[in-house]
Amino acid sequence: MSGGPSEAVTDSHRLTTTTKKNAASHAAFPAMLHSSGKMCAQHQQFYHFHTLQIMKFSIKFLLLAVLVGALLAGCRKDSTDQTDIVIPPVPTVKIQTGVMGLVVDETGTPLEAATVRLGASQIQTDENGYFELDGLANEIQPFVRVEKTGYFPSLVSFSAKAGQTGRVKVSLRTKTLAGQITAGAGGQVDVPGGGSIQFAADGFVDANGNAYSGAVLVYATYLDPSKSETVSMIPGSFLGQTTGGETQILRSFGMIHALLESPAGAKLQLSKPAQMTVPVPADRLSKAPTEIPLWYIDEATSIWKEEGKAVLDGSVYKGQVSHFSWWNCDDGFPIIRLSGILRIGNAYPYVQIRITRPDGTTATAVPSASGYFSGGVPAGETLLFEVLNECGEVVHSQTIGPFTADTDLGIISVTWTSDWIEIEGTLLNCDQEPVTNGYVQAWTNGQAPGYFPVHVNPDGTFSGIIANCSGTDVSVIGYDIDALKTSQTITQPVEPRVLIGDVIACDVQLTTGVLIEFGNGTEKFINTATAVVESTPTTPDIYRITTIDDQGNGNKVNYEITLLDWNQNPANPLWGVSTQHTLFGQPFYYTINTQGGTVEAIQQGTQPGELVIFKMTNVILTEIPGNTTYPNSTITITAILQ
């Protein structure tokens with residue numbers, strides 16, 4: 001089933017429904033760690049921050065925030081200054097957790113319809129690049145995998161405990177074609193941004209391990225770890241595992257990400273080693289070791305794994321790699337753990353924590369909605385601890401350390417000043433009832449796009465503080481996720497406390513799509529769905545709904561779902577359902593068995609531009625390939641009539 005349409009399957013069943021209810025959907029939230037700066041003169045150490053966040057959304061959000069990061073410091077090892085703290089291998093313990101976040105491109109523009117996966121659960125971002133998702137994750141390093149057609153995928157780790165939810169901000173890099181070679185001949189491909197890859201002749205296999213002899217498309221990018229604007233695109237949290245099983249925090253001297261594909265979009269891999277050349281940032285070259293470990297990202301855990309060595313040749317590292325994903329030239333070192341709670345007055349707004357080492361190297365991280373942060377810092381150094389608001393202004397500064405053991409800083413309380421604005425209001429739906437599943441964006445007119453939402457309580461009320469970025473006005477927009485509606489923008493003058501009043505989410509239509517709630521508690525959201533209706537006086541109304549599940553790399557499924565009311569009676573409908581799918585490439589897909597289930601017409605528009613919402617409950621889904629079945633599943637379809 002590769003390279004084009006390959007299969008169509010149709011299943012038809014009659015079902016009945018007597019009730020109508022609102023559909024459910026999902027959205028999301030952001031936060032992540034960035035690092036930049038110079039290399040140090042003595043120690044090889046590196047910051048790794050995590051945050052936890054606890055928030056209460058009405059739809060089972062387990063909230064907790066991320067502070068994953070890396071202080072890319074650099075110097076040669078000096079055994080007289082080295083603190084020998086060995087961290088044991090990372091155990092694999094699964095926890096039920098959640099994550100909310102924001103997905104943006106290199107310029108910070110929110111990306112709609114990016115697919116976010118947490119364990120077996122997945123969802124797509126809304127028009128604000130926002131998502132929320134629950135699932136099973138590794139207790140030591142939970143992470144999400146984020147993909148969107150036209151961009152390199154990314155793995156972003158976050159801090160979490162069972163029953164809580166992390167917070168991440170994900171930056172995706174545009175997927176750039178570096179070059180094309182013939183598998184039989186091999187050859188060199190120069191990597192955009194720096195570096196190159198030399199491929200061996202007859203050195204490729206397809207996804208099934210079979211020898212591949214056709215054209216090879218090489219998508220590749222180089223990331224300079226010394227630049228703060230690129231660090232947020234680096235996967236994982238620089239948590240690494242050596243060949244001896246020791247867990248370390250890594251510092252990078254350069255990295256390359258490469259994807260290999262056939263012209264039809266099929267994934268390829270190496271069967272023979274490739275020679276990789278990685279430039280060393282100019283400000284780190286004088287401290288670069290003559291030999292350095294190579295690390296690849298384990299996409300099953302988001303932890304870097306040591307494999308092989310690279311040798312310094314002038315201003316570049318050269319080494320052989322056995323396969324392709326992310327590869328990193330790093331040295332590692334042990335850490336101690338630092339934790340605490342940060343609050344502004346009695347509130348916990350979105351802020352960044354910035355830690356600066358004596359050599360000027362910095363790392364930033366975002367605390368949780370409850371102000372909690374926890375992570376690793378270098379032992380034996382005096383550190384500068386700063387708090388920055390969303391405007392990038394320092395609102396608090398203090399000196400901490402040096403530390404020789406794990407340390408809890410307790411509560412760090414920052415005085416409330418005019419740098420902050422308190423907002424209060426109530427989010428209501430079209431029926432003037434409280435929105436129980438939604439969020440509010442608030443910003444001043446001096447603020448850049450990419451605002452972190454304000455929490456909405458189960459009774460629809462919201463209260464929070466935002467940064468005043470030298471603005472004169474405060475603007476607010478509310479989002480009703482269940483009804484797929486937004487409010488108009490409400491603007492009021494800046495004051496220390498702004499009472500917004502009622503925010504009515506009853507205007508702009510939000511993203512359409514298909515929400516699949518599997519019987520095992522996981523979810524999948526297929527973004528965007530369209531519908532047409534065929535109606536005559538003598539035949540039942542027929543709704544034909546089309547949605548495309550784009551899984552990237554040329555793999556996608558085109559689903560067509562047809563529903564008709566055999567009774568032609570809205571008060572007592574008898575819905576028949578048939579499904580058909582067309583495959584492109586090698587995607588996974590689902591067959592639907594609706595026998596024994598019910599179908600509800602929640603909203604039944606008839607004119608172009610109107611909304612149709614259908615909900616199928618107690619259906620059986622089968623995932624192909626694998627034939628994994630999911631009984632007691634629910635499918636909610638939200639589409640716009642064309």
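The values are calculated or read from the model by the stated rules, or taken from the named source; none is laboratory data. Note that the coordinates shown come from a computational prediction; the quantities given were computed from them, not determined experimentally. Every residue, glycine among them, receives a Cβ derived from its backbone with ideal geometry; neighbour counts consider all protein chains shown. Accessible surface areas use protein heavy atoms only, side chains included; no ligands, DNA or RNA. Shrake-Rupley method; radii C 1.70, N 1.55, O 1.52, S 1.80 Å.
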Quick count over the stretch 374-390, residues being farther than 10 Å from V351 by Cβ, surrounded by 17 or more Cβ atoms within 10 Å (Cβ to Cβ) and not charged (D, E, K, R), is 8
P289 passes all but one of the listed conditions (1) under 25 Å from E106 (Cβ atoms); (2) over 26 Å from the mean Cα position of the chain (by Cα); the exception is number (1)
Scanning the stretch 107-133 residue by residue, those charged (D, E, K, R), surrounded by fewer than 24 Cβ atoms within 10 Å (Cβ to Cβ) and at pLDDT below 85 turn out to be E112, E127
Filter the stretch 382-440 for residues that are farther than 30 Å from S475 by Cα and among the aromatic types (F, W, Y); the one that is modelled with the highest pLDDT is F385
message = When you check I465 against the structure, is it of a type in the set (V, I, T), touching a residue at least 40 places away in the same chain (Cβ under 8 Å), in a strand (DSSP E or B) and open to solvent by less than 50 Å² (accessible area, probe 1.4 Å), yes or no?
response = yes
Report whether or not A178 is open to solvent by less than 20 Å² (accessible area, probe 1.4 Å) and either basic (K, R) or farther than 21 Å from I303 by Cβ (or both).
-> no
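Inside the stretch 209-224, can you point out the residues that are open to solvent by 10 Å² or more (accessible area, probe 1.4 Å) and under 28 Å from the mean Cα position of the chain (by Cα)?
Passing the criteria: L217, Y219, Y222, D224.
Grab the strands (runs of 3 or more DSSP E) fully contained in the stretch 555-640, keeping just those with 1 or more residues being within 28 Å of the chain's Cα centre (by Cα) and either among the aromatic types (F, W, Y) or within 30 Å of D507 (Cβ to Cβ) (or both).
Working: elements: 556-565, 574-584, 589-593, 598-604, 611-624.
Answer list for the stretch 555-640: 556-565, 574-584, 589-593, 611-624.
Please verify whether the stretch 223-241 includes one or more residues that are part of a strand (DSSP E or B) and closer than 29 Å to Q180 by Cβ. First the steps, then the outcome.
In the first step, residues of the stretch 223-241 are kept if they are part of a strand (DSSP E or B); the result is 223, 239-241.
Those still in the list that are closer than 29 Å to Q180 by Cβ too: 223.
Yes.
Name the one entry in T404, T436, T399 that is touching an Asp or Glu at 6+ places or on another chain (Cβ under 9 Å), open to solvent by 40 Å² or more (accessible area, probe 1.4 Å) and more than 19 Å from P496 (Cα to Cα). Steps first, please.
Details: T404 fails: touching an Asp or Glu at 6+ places or on another chain (Cβ under 9 Å); T399 fails: touching an Asp or Glu at 6+ places or on another chain (Cβ under 9 Å).
After ruling out the rest, the residue left standing is T436.
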Result of the Cβ filter at 7 Å on the stretch 157-177, keeping first residues that are assigned to a loop (DSSP other than H, G, I, E, B) and partners that are charged (D, E, K, R) and open to solvent by 50 Å² or more (accessible area, probe 1.4 Å), at least 6 apart or interchain, is L172/K148; R173/E106
Can we say A162 is more than 26 Å from S370 (Cβ to Cβ) and aliphatic (A, V, I, L, M)? no
inquiry  = Scan the stretch 444-462 and tell me whether some residue there is in contact with a Ser or Thr (Cβ under 9 Å, 6 or more places away or on another chain), open to solvent by less than 30 Å² (accessible area, probe 1.4 Å) and aromatic (F, W, Y).
reply    = yes
Scanning for something out of contact with any Phe, Trp or Tyr (no Cβ under 8 Å at 6 or more places or on another chain), more than 28 Å from D431 (Cα to Cα) and open to solvent by 10 Å² or more (accessible area, probe 1.4 Å), does the stretch 474-483 turn up at least one residue? no
